[in-house]
Amino acid sequence: MHKELHFEGLYDFWRYAHQDSRARNRSSRSNNNYEWSGGLSWNKAKEMSLSGWREGMHEIDKYRARLSPIIA
């Protein structure tokens, strides 16, 4: 099944993406199947999309500090 959605702007997309799902029996929404998400629950993934991935940002900063002098 292919479904294409169009939004007026980023806010409309964000509001749609964070609404409670009406889907039934989706493994991506299941509390027992975290394989698809690298170990995150659906709610944790939604929370991370709003607040960011702080641990990941620290790792990125390490590489950015090393690469910046080379690129510049």
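The values are calculated or read from the model by the stated rules, or taken from the named source; none is laboratory data. Here the structure is a predicted model, which is why all the values come from computation and not from measurement. Please note: Cβ atoms are built from the backbone with ideal geometry, for glycine as well, and neighbour counts cover all protein chains shown.
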Which residues, taken from the stretch 1-58, are touching a helix residue (DSSP H, G or I) at 6+ places or on another chain (Cβ under 6 Å), part of a helix (DSSP H, G or I) and modelled with pLDDT of 70 or more?
ALA45
If you check every pair at least six apart or on different chains, which have Cβ atoms under 6 Å apart with a residue in the stretch 44-67 that is under 17 Å from TRP14 (Cβ atoms) first and a residue that is polar (S, T, N, Q) second?
ALA45/SER37
Need the failing condition index for SER68 against (1) small (Gly, Ala, Ser); (2) modelled with pLDDT of 85 or more; (3) surrounded by 11 or more Cβ atoms within 10 Å (Cβ to Cβ), just the number.
(3)
May I ask you to list the residues in the stretch 59-72 that are in a helix (DSSP H, G or I) and of a type outside the set (Ser, Thr, Tyr)?
GLU59, ILE60, ASP61, LYS62, ARG64, ALA65, ARG66, LEU67, PRO69, ILE70, ILE71
